[in-house]
Every structure is written in C-alpha cells, then in structure tokens.
1. Does residue 300 qualify as being open to solvent by 70 Å² or more (accessible area, probe 1.4 Å), under 26 Å from residue 214 (Cβ atoms) and of a type outside the set (Phe, Trp, Tyr)?
2. Kindly check whether there is at least one residue in segment 52-71 that is under 27 Å from residue 128 (Cα atoms) and either open to solvent by 60 Å² or more (accessible area, probe 1.4 Å) or outside any helix (DSSP H, G or I) (or both).
3. For residues that are part of a loop (DSSP other than H, G, I, E, B) and in contact with a Gly (Cβ under 8 Å, 6 or more places away or on another chain), scanning just segment 12-38, find the one that is surrounded by the most Cβ atoms within 10 Å (Cβ to Cβ).
4. Which residues, taken from segment 76-96, are within 25 Å of the chain's Cα centre (by Cα) and without any contact (Cβ under 8 Å) to a residue 40 or more places away in the chain?
5. Can you pull out the residues in segment 304-352 that are open to solvent by less than 30 Å² (accessible area, probe 1.4 Å) and among the β-branched types (Val, Ile, Thr)?
6. Quick check on segment 287-305: of everything there that is under 27 Å from the mean Cα position of the chain (by Cα), small (Gly, Ala, Ser) and modelled with pLDDT of 95 or more, which residue is farthest from residue 331 (Cα to Cα)?
7. Take the residues in segment 81-114 that are within 13 Å of residue 50 (Cα to Cα) and in contact with a strand residue (DSSP E or B) (Cβ under 7 Å, 6 or more places away or on another chain), then tell me which one is surrounded by the most Cβ atoms within 10 Å (Cβ to Cβ).
8. State yes or no: is residue 218 of a type in the set (Lys, Arg), farther than 17 Å from residue 317 by Cβ and open to solvent by 20 Å² or more (accessible area, probe 1.4 Å)?
Amino acid sequence: MVDARNALARARRVVVKIGSRTLAGDRGVFARLASSIAARPGAAFVVVSSGAIALGMKKLGYRARPKEMARLQAAAAAGQSLLMRAYEEAFEAQDLAVAQVLLTHADLADRTRANNARAALGALLDAKAIPILNENDSVAVEEIKFGDNDQLAAMVAPLVDADLVVLLSDVEGLLDAGGRRIPVVRDVAKEAVPFVRVSSGGAVGSGGMASKVEAARRATLAGANVVVADARVPGILDAVLAGDDVGTLFVGARERMSAKKYWIAFTLRPRGEMVLDRGAAEAVRAKGKSVLSVGVLGVRGDFRAGDAVRVVDVEGHEIARGLARCGAGDAAMVAGKARAELPPELAELAVVVHADELVVGGHG
C-alpha cells in the first residue's frame with residue numbers, strides 16, 4: 001500500500017471533483033481548495049465542480065429543487081456566474097487564474113469536438129490556469145447529459161492525461177460491511193462493488209458511492225489512480241497529495257487504455273447491437289479479433305457507419321463494444337456471409353467492426 005500511496009505524491013496532472021452538497025454545506029471549501037492547489041506549483045490541476053443549480057435555486061427564490069427541465073436549466077444559468085465568482089475570488093487570493101469550461105456529453109461524444117476540448121484544456125494548463133469544468137446544465141437535456149460529475153471527471157481524465165483523480169465527497173471513502181474504511185482497491189469488481197450499497201446506505205443515485213466506484217473503475221482503466229475522500233476534513237487534498245493513508249485509493253491499471261478505445265467504451269452511447277454466433281463470440285472475447293460478417297447472426301437497432309454498437313453473444317451478454325463500419329441495413333445484408341459470398345461492392349464489409357475500434361470487456 002505504501003508504494004501505491006507514494007505514487008500520489010508524484011502526480012503531475014490531477015483532476016479534482018467536488019460535489020454540490022459539499023459546496024453548499026461549507027463555503028470555506030473554495031478557499032481550502034485554492035490553498036491546496038497553490039501549495040503544489042509543480043502539478044497541473046483541473047477542477048470538476050457541481051453547484052450551479054444549488055446556487056441558482058437560492059438566487060431565483062426556488063424553495064426546492066425543481067423537477068421541470070426548464071426551471072432546472074434556469075437555476076443552472078443563474079447559479080453558474082455565482083459559482084465562478086466564488087472560484088475566482090478564492091483562487092485570486094492565491095494568485096492563480098481560473099477559466100470556466102462548460103461541456104455536454106455531446107461535446108465529448110463527437111470525436112472532433114472532443115479533440116478540440118483536449119486542445120483547449122491543454123492550452124489552459126500550459127498557461128498555468130485552473131480549468132473549472134461543469135456540465136452545461138443550462139442547455140443539457142437527458143440525451144446529452146453525462147449522468148453526474150463523477151462520470152464527467154472520469155471522462156476528463158484521459159483528455160488531460162491525468163495520473164490522479166480525486167473525488168471529494170461527504171464520506172470518508174468506500175466502507176466495508178462493518179463500516180470500516182477500505183484503504184486500497186486494486187480489483188474494483190471483487191474488492192469494491194460488493195460494498196457499494198453498504199457504503200452508500202442504499203442510495204445509488206446520482207453522485208452516490210455507486211457512481212464514484214464506477215467513475216473510479218473507468219478512470220483507473222485510463223491509467224489514473226483515483227482517491228475517494230471526505231471533503232469536510234481540513235487539509236484532505238493536501239493529505240491525498242502527500243500520499244497519506246486517507247480515503248480509498250483505487251490503483252490505476254498498469255496498461256493504460258488508449259484515448260480512442262476509452263472514448264468508444266465509455267463516452268459513446270451505443271445505437272444498436274450485433275449478435276454473434278458462438279464461434280465468433282469466442283474469437284472476440286478470447287482473442288480480441290475483428291467482428292466478421294460471417295459470424296454475425298443478426299443486428300438490432302438503427303445505427304449508421306461510425307456509430308457505437310454493442311457486440312453480444314447468442315444469450316444477449318455484451319462481450320465488446322466498437323464502431324460499426326456500416327449502417328444497420330448493410331450489416332443485416334452481409335450477416336452470415338463470408339467475404340467470398342459478398343458482391344465486390346460489399347467486400348469491404350466482411351469486417352463489420354475492426355479490432356482497432358473494438359473494446360473487449362471493461363465497457364459499460
């Protein structure tokens with residue numbers, strides 16, 4: 001555990017996510033966050049922040065969180081300026097510049113726009129500015145939402161080549177069945193998932209422990225270490241960055257998933273499915289082979305070339321996720337046929353999902 005914690009002290013690209021409940025409950029957190037970041041001049045930081053809707057509700061006189069999308073968007077629009085003002089005041093006191101970056105899921109699902117976001121964030125970090133990221137709730141609707149800012153933090157990690165993601169919350173970390181903090185997790189499925197409901201008190205909704213564990217799983221696949229820790233503890237970020245035994249450390253994978261495959265696995269939303277016969281399913285599952293038309297039993301959904309699709313076996317179990325090289329109609333037309341059986345104009349569709357654009361396991 002000591003070696004794993006020591007790596008945190010060497011982190012050079014850090015994503016820090018902080019939730020709305022933490023910000024709403026203690027306005028002093030802005031100053032503490034700025035102080036901790038200022039104390040690490042050798043590292044570059046990105047802050048993923050909730051809080052715009054909570055602040056906007058008060059500004060607009062809403063007594064409870066609205067349920068209507070238009071009123072939620074109004075609260076986000078009204079609160080975003082207040083949120084940034086709080087960050088600007090806190091960071092200016094430490095002689096640090098901040099920059100607002102608002103994103104929707106659609107921004108990162110489009111490859112060109114995602115690359116533009118990567119370039120913009122890189123330029124801000126090169127300029128020693130602190131990007132403050134938030135979901136653009138004033139325009140976001142269900143189809144383009146990330147889900148919550150834990151997932152946004154996980155998606156941002158590969159964009160900035162983060163080696164550490166810190167998810168600050170109102171819990172001390174992941175707890176075991178006896179209510180004790182779990183210091184280190186190396187296998188999320190075996191060591192973390194069984195305790196999600198225990199730690200979250202059954203609340204597995206937006207921003208709960210289930211979300212943090214899933215975000216940690218995704219970010220570790222991108223090669224980053226992840227720490228879930230209690231934002232209410234004074235000096236908690238300093239302690240994390242010092243490698244102290246605080247929170248729960250999720251150890252990053254030794255083999256980092258490429259940015260493109262991470263994008264396919266976790267950012268894109270599948271538009272359909274390709275059902276494989278048993279032989280083809282085993283070739284994909286065990287060897288990561290391309291999906292060939294001859295092994296496709298059928299297709300589901302209405303997808304186009306370049307869309308993400310699930311690759312499933314005959315029982316419906318998802319075994320991979322990848323980019324379709326053709327639309328659903330053409331995929332159905334070539335299903336079950338070998339290259340020699342295809343007309344010349346369709347011969348290239350003998351490979352319907354190429355191995356370079358296929359992620360086996362680890363998706364979801």
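The values are calculated or read from the model by the stated rules, or taken from the named source; none is laboratory data. Everything numeric here is computed off the predicted structure, so don't read it as measured data. Because the Cβ atoms are built from the backbone with ideal geometry, glycine has one as well, and the counts that use them run over all protein chains shown. Keep in mind that these areas ignore ligands, DNA and RNA; they rest on the heavy atoms of the full protein, side chains included. Shrake-Rupley method; radii C 1.70, N 1.55, O 1.52, S 1.80 Å.
1. yes
2. No, every residue in segment 52-71 fails to be under 27 Å from residue 128 (Cα atoms) and either open to solvent by 60 Å² or more (accessible area, probe 1.4 Å) or outside any helix (DSSP H, G or I) (or both).
3. Ranking the qualifying residues of segment 12-38, first place goes to 19.
4. Correct list: 79, 81.
5. Answer for segment 304-352, where residues must be open to solvent by less than 30 Å² (accessible area, probe 1.4 Å) and among the β-branched types (Val, Ile, Thr): 309, 311, 312, 319, 334, 351, 352.
6. 290
7. Once the filter is applied, the top-ranked residue is 83.
8. Judged against the criteria, residue 218 is a match.
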